[in-house]
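Comments concern the structure below.
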Amino acid sequence: MTRTHAPASASLLREAGLPYFLIAFIARLPFAMMVVGVLTLVVSVSGSLSLGGLTSAAVGLGTACFGPLLGGAADRFGQRPVLVILAVANGAMLVVFTAVVYTTSIDALILLAAVGIGATAPQVAPMSRSRLVAIINERMPEPVRVRTVSSTMAYESAADETVFVFGPFVVGIVASWIAPWAPLIGAAVLTVVFVGAFALHPSGRSISQDRDADGRAPSRASELFRPQLLVVVVGILGVGMFFGTMLTALTSFMADRGASEQAGVLYGVMGIGSAILALAVAWLPPRFSLRARWLVFSGILLIGSVFLGAVDTPAAMMVVLAVMGIGIGPTLVTQYSFGAARSPLGRSATVMTMLGSGVIVGQSIGAAVTGEIAESLGTSAALLLPMIAAAIAFIAGVINWYLSRVRSRSS
């Protein structure tokens, strides 16, 4: 099996080019910095954790409302023109938001500017997945496609995990060394430079071969709302909620011990392990089916989260985080693999953007709700929320098991 996998990966690397992967990795960093950067700036300037949480949620709201529409535009007109516009617009909105926070105390204006950040967010990760899946389907031999798609989803999810751990760390370091506004201004520069480079990469020129000359897809838009696809969106929303609830609850846990700045270090234990396991998914045997992987790994995540209520020391917390890291990365890889497999013809970018939006919306909602609960009810109550998020991902996996069985019987 490794002999088949190696040339498939090499072919994809040759088709896309090493610079593509480097640019795509750096270009997704601003997206990972936005929610935490917005929260850090608002709390620093206003002193209100509640307003900071609401502002983070507003970023997620903008992404939820406009992300799939932007994915649809990329499917129809190609990624290049859409991403070039978004790179400039989002860079500008990050600067505007920073200015608004410092120059006004009107909460509604701050929240509106935050929605603008989310609405213009160039979701590089979903766009990259869509590009690579298109390259695999259009240029690579059919016998290696399934294996290569699995390897690609594993790499992309590992890259996301790395960025979502590294992003908050960068925000904390830059905000501490320079000023609370610096992470967002830095994200604006990275967006214009690297998202722009991602847009202008030669792979950004192509439009799906499934589209006709007018850019219309052969599939109906209603196919995006099939239960088999919506259950994946719900499952990945649960994963996003887990990210947001876990990081915020962990921050509260460490703050109670007078070391809130170490929360990111502990969080990295889960993130690094998760990224490694996400990469390892590509080597799992085919007989370990996707629907079984979802149940097994989300079950590990759920079991690990149950022990959060009994944790009372940073060392014990580190052990529980390591266990949950075994589950979170492979679950995310599996969900993206289902998204790729179930995308209606000509709507790959739309589906991947729906899933990417699910992660960021879940993270935003999770962070906002957990912040409110930690502030009003304490850390013990906040540590229950990651378990609820993990349960959402697991229950979606149970439903997906049934829907996958029904689909296979009807095919």
Global geometry of the stretch 272-394, whether rounded, prolate or oblate, following the gyration tensor of its Cα atoms and the 1.5 cut on a/c:
oblate
Where does the chain land at 222 nm, in deg cm²/dmol rounded to the nearest 500, when only DSSP H runs of n ≥ 4 count, each adding -39500 (n - 2.57), divided by all residues?
-27000 deg cm²/dmol
Contour minus Cα-Cα span, Leu18 to Ile85, at 0.36 nm per residue, comes to 21.6 nm
What does the accessible area of Ser337 come to, in Å² to the nearest 10, when a probe of 1.4 Å is used?
10
Springs between alpha-carbon pairs under 10 angstrom, Gaussian network model over the chain: which of Pro314, Pro180, Pro386 fluctuates most?
Pro314
Report the full-extension gain for the segment Val265 to Thr104: residue separation times 0.36 nm, less the Cα-Cα distance, to one decimal in nm.
54.6 nm
Which one, Gly62, Gly52, Leu111, projects farthest toward the positive side of the charge dipole computed for the stretch 1-123 from Cβ point charges (K/R +1, D/E -1)?
Gly62
For the stretch 29-160, the dipole about the Cα centre with charges only on Cβ (Lys and Arg +1, Asp and Glu -1), to the nearest 20 debye, works out at 340
How big is the dipole moment of the chain about its Cα centre under a simple scheme where the beta carbon of each Lys and Arg is +1, that of each Asp and Glu is -1, and everything else is neutral? Debye, nearest 20, please.
1540
Paired Rg and Dmax values of the chain, which use every Cα atom, in angstrom:
20.3, 61
Which of Ala182, Ala73, Ala16 sits closest to the plus end of the dipole of the chain, meaning its Cα is farthest towards the positive end, when Lys and Arg get +1 and Asp and Glu get -1 on the C-beta?
Ala16
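Once you have the Cα-Cα distance between Arg405 and Val193, take 0.36 nm times their residue separation minus that, and quote the gain in nm to one decimal. List each step's numbers first, then the result.
Values: separation 212, 0.36 × 212 = 76.32 nm, distance 4.55 nm.
Full-extension gain reported as 71.8 nm.
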Identify which of Thr248, Thr313, Thr98 has the largest mean-square fluctuation in a Gaussian network model of the chain, with springs joining Cα atoms closer than 10 Å.
Thr313
Probe radius 1.4 Å, ligands and nucleic acids left out: which of Val333, Val100 has the largest accessible area, and how do the rest follow?
Val100, Val333
Keeping all protein chains in place, calculate the accessible area per residue for the chain (probe 1.4 angstrom), answer in Å².
40
Roughly to the nearest percent, how much of the accessible area of the chain is carbon and sulfur, given a 1.4 Å probe?
71
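Sort Met317, Met387 by accessible area with a 1.4 Å probe, largest first.
Numbers: Met317 0, Met387 60 Å².
So the residues, ranked largest to smallest area, are Met387, Met317.
The values are calculated or read from the model by the stated rules, or taken from the named source; none is laboratory data. Computed from a predicted structure; not experimentally measured. Note that we place each Cβ from the backbone using ideal geometry, even for glycine, and neighbour counts take in every protein chain shown. Protein only, heavy atoms only, side chains kept; ligands, DNA and RNA dropped before computing areas. Shrake-Rupley method; radii C 1.70, N 1.55, O 1.52, S 1.80 Å.
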